[in-house]
Each structure stands twice: as structure tokens, then as C-alpha cells.
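What follows is a short report on a single structure.
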Amino acid sequence: MAESFSPVSPTARGLAEAIALQARVRPDAVALRFEGEVLSYSALHTRVRQAAAIAWHGWGVRPGDRVAWLGGNHPGQLVLLFALAEIGAMLLPLNFRLAPAEWDAMVADVGAAHVVHDAEWADAARALAVRNGMAAHAVRELEQAAPVEQDVPRHGDVTSPVLLVYTSGTTGGPKAAVHTQGNLLAGMRIAAQVQGMHPGDRILTVLPMFHVGGLCIQTLPALGAGAEVILHPRFDAARTLADIRALRPTLTLQVPPTMKALAEHVDWAGTDLSCLRAVWAGSSLLPRALVEAFHACGVPVCNVYGATETGPFSIALPPARAFDHVDGCGWPAPEVEVMLDGADASSGEVWVRAPNVVQRYWPDIPACDAQGWFRTGDLARRHDDGSYAIVGRIKDLIISGGENIHPAEIENALAEHPAVAECAAFGLPDAQWGEVVAVAVVRNPGAQADEAVLAAYLAQRIARYKLPRRWVWMDALPKTALGKVQRKLLHDTVPRSP
């Protein structure tokens, strides 16, 4: 058990003070690099003040208002977040991979009155604004001169909601998790401590900041620690490797699809990764082959477990233990309590309680129980050394003939076969057994292994009752933006009979 739950003091300053503090103590240090532009902490703080003045005096944003962002990763998204924190308003980052109808549902759900956009998404943002009676603003408006000497009343504090992030909806409809400034500050503190962040660090951010992974695991903690953030508009393997060679970042966050793209890129072998003291990976389950590709270069891969609702920094694998805990996600982070709800103390559903855990969904739907525990829906095992390994989702559990089968047991074994690029196990209804195991497989290019070959391979590694009865061959697995397999889509789309 980690140290006891302790909420952030309500007398602490708000989120924007994190940038103001760095601007005071290291004004000339680099805060952000983006598309050739370099922003010092002093310049970033000035932009935050300008943006707050523009939003308050020009747009009429008031405490409690919601402002959407539609675009790729951009310094303006971060500036907007800190500016809204000053006002006491909220940012709604929109996933640009979603359909316009899904954006419409989200902005209508929270009642967003404004949308800020980058150049690439200008047309889509304007159309969104017209459909929903919103005001659309180009991000460059936040970079224009503003009357920063005019007073902007500070309404935001640690109790104020500041960030609305929709859950992925892998098992149901998406809901907006309401993150307060205190939640984000606690997450920044926790994540920076575990990752050992300091002002000399360079953090390479390539994952989308419309998710808490790209925003909260490294980017916000780095700014809170006075480190430098190298920000890419979106992930590109060639550019990521080029910046590792040229800018020598010390930390980066990846997910399995981006790890795979990097390891398979033509420039991988020629890229010196020694500048990276760790690659952190935001994924409950990491394919061993991808982890070992980085380990072979001497770079520890540190898994971090969490959810949109948990900040998401909850359980983390430190670099010193990464090489001997390849299949685990580590230990509870400082200030985070973890409990397993199951038949025995060593396995069950993960419950989390911590100061970075949200307390509600929009508008006022409780996210935790009366004692502050958030039930993740994930199943885990706790090892004798206190570390955890995620084995799957409760709703993904396959019950065949009365036996519980975790998809990860099948996937981890099958992924070791050289012909298998990716795989996902799931249950299908069966009159005799209740459910039978099905597995979707993506073969590596040129691989000829068929069902008989892979079934024989599995038969040597897992119990007979766990063996798949149905095999589905796919070009790619359906996934969320963070690389999580959408098993519900597999379950719903695969025919029930061979």
C-alpha cells in the first residue's frame, strides 16, 4: 500500500502559478520548442497573461465557462489551458480523430460556447461553431498583443474544474471526466517525482494532448518542473528519431503503436538512443517484443498505468526495475493508494484513491464511491514484491465452461510467435460452453503461419481450455487513439459461426 490519501490543500495557488513560478526563477530557460519556435518561461508566462486578457475582455469568458480546442499539439493549447485556469474556466480538448457528429455531441453535452483551433483544423472548427452556435477563434489570436496590464480577476484555484476529458468509451458511451486544478497539480507533482524530472530535462512530446496521457504524464509535469518540452504537432516516426539524434531529449512517452513504428523504421538502427534515460509507455499491457527492442539499445521502458479519471499517473515501473519487470506496470506512485477487489488479496479489480483522481463526470455524476475510491474496471495481479501486472478488463474476461480466462494470457503467449505482429483475444457466445475463446491475429508481412501452426504453438504454452476455438485474420486491430484494442468492436463484428 502506498502512503495515505491526502487531498491538495484548498489554500494552494492555482494551475497557472506553476508557469508564473518558473518565469520568476528561470525566465530565460526554454519552456517549449515547436516548429522552429522557441519559447522561454518568461515568454510563455506573458502569453498566458495575454490569453487570459483576450479571453476575459475580448471573448467574454467567465468562471465556469467551457472552451473547446480542436487541433494538433500546439503551444496555444497549453497557453489556453493555463489562461482558462486563471479565469476559473474549463478547457475541452477535442479528439481530431473523431467524427464531426461526435464533436457536436461533446460540445452540446458540456455547453461549450467557444472553440479555438489551429490552421490545419480551421475549416472543421468553423463548421463546428456554425452547427452549434459557438464562436470560433484562430489560435493566433492568443499570440497577438493584448492589454495584459488590464486586470483579469483571478477566480481559479485548486478547487476549480479546469479540464474536461472524455473517456475512450471502450465499454460504453464516453463521459467527460472533470479534472480540477488541484487534480492536475497533484498529477504533475506525482509524475515529476516518479520520473525524476528536473530543470535540465528535455521532454519529447509526440502523443496527442487531447488525451490525459499526452498532456499529463510528461508535458504538464515537465513545465511544472522547469524542464524543456519539445512539442511535435503529431507523431511521426522519422521526425521523432531525427529529434532524438539532433535535440537529445532525456525522456519521452510512447504507446505500443508508436513504439512499433519507431522500432521498424529505417532510421532506427542509426539512431543513438543513449540520451534517453527512459522511455515511458502509457499502456496497461506492453508487447514484450517492443519492450525488448528498446532494452536491446540500453533504454529502460517504464510502463505507467492509469485511466482518464486517475490523472492518469497511478502505478508506475521505475527505470531501475524495468529490465526485470517487463510484463508488469510497477508499484503505486507516491500519494496513490491501490486496492484489489477480488476473492483474494493478490488479484482482482484495481481500485485507486489519490489526489489526482477526478471526483465526478460532467455535469455532476460521481466518479468515486463515498470513500473516494475509483473503480477502474481493470483486473490485476499483485506480486509478492508489491508490484502489479494488469491482466485485462473485467468486461473482457472470458468465462468458458465455468473457467475464467484472461485475454492477456493468450495474447502474451501468442505474441511471442515470430509470425504474429499483433493479436487480441475475446469471447464469443457458445451454447455449450457459455463462451469460447476467439483471437484476432495480424500477421507480420510475408508470414505464412496458419491456424494449425499457431494453435500448436499455443498448445505448448497455455492450458487446453484456454485455446482459441475461432481464429480471425485481420490487417489491423481496431484501436482507440491511445492504442487500446476495442474488443467490443471485435465481439460485435465477428460472425458467430465459422
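The values are calculated or read from the model by the stated rules, or taken from the named source; none is laboratory data. These figures come from a predicted structure and were not determined experimentally. Positions of Cβ are generated from backbone atoms using ideal geometry, with glycine treated the same way; all protein chains shown enter the neighbour counts.
Overview of values
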read-out	value
Verdict on THR252 being in contact (Cβ under 8 Å) with a residue 60 or more places away in the chain and polar (S, T, N, Q)	no
Residues located in the range 422-438, provided they are under 17 Å from GLN486 (Cα atoms) and among the hydrophobic types (A, V, I, L, M, F, W, C)	CYS423, ALA424, ALA425, PHE426, LEU428, VAL437, ALA438
Cβ-Cβ under 6 Å pairs, at least 6 apart or on other chains, the range 452-474 side closer than 21 Å to PRO429 by Cβ and without any contact (Cβ under 8 Å) to a residue 40 or more places away in the chain, far side exposed (fewer than 15 other Cβ atoms within 10 Å of the Cβ) and of a type outside the set (A, V, I, L, M)	TRP471/GLU451
Pick from the range 359-377, criterion in contact (Cβ under 8 Å) with a residue 40 or more places away in the chain and in contact with a Phe, Trp or Tyr (Cβ under 8 Å, 6 or more places away or on another chain), ranking: farthest from GLY330 (Cα to Cα)	ALA367
Number of the condition not met by GLN218 [criteria: (1) assigned to a helix (DSSP H, G or I); (2) at pLDDT below 95]	(2)
Any strands (runs of 3 or more DSSP E) falling wholly within the range 342-458 and containing at least 1 residues that are touching a strand residue (DSSP E or B) at 6+ places or on another chain (Cβ under 7 Å) and closer than 30 Å to ALA320 by Cα	347-353, 374-382, 388-393, 420-430
Failed item, numbered, when GLY200 is tested on (1) touching a helix residue (DSSP H, G or I) at 6+ places or on another chain (Cβ under 9 Å); (2) surrounded by fewer than 23 Cβ atoms within 10 Å (Cβ to Cβ); (3) modelled with pLDDT of 95 or more	(1)
Count - residues of the range 423-448 that are farther than 20 Å from LYS395 by Cβ and over 34 Å from the mean Cα position of the chain (by Cα)	3
Boolean, ALA389 is surrounded by 18 or more Cβ atoms within 10 Å (Cβ to Cβ) and touching a residue at least 24 places away in the same chain (Cβ under 8 Å)	yes
Top-ranked residue in the range 310-341 [being of a type in the set (D, E, K, R) and touching a strand residue (DSSP E or B) at 6+ places or on another chain (Cβ under 8 Å); ranked as nearest to LEU184 (Cα to Cα)]	GLU337
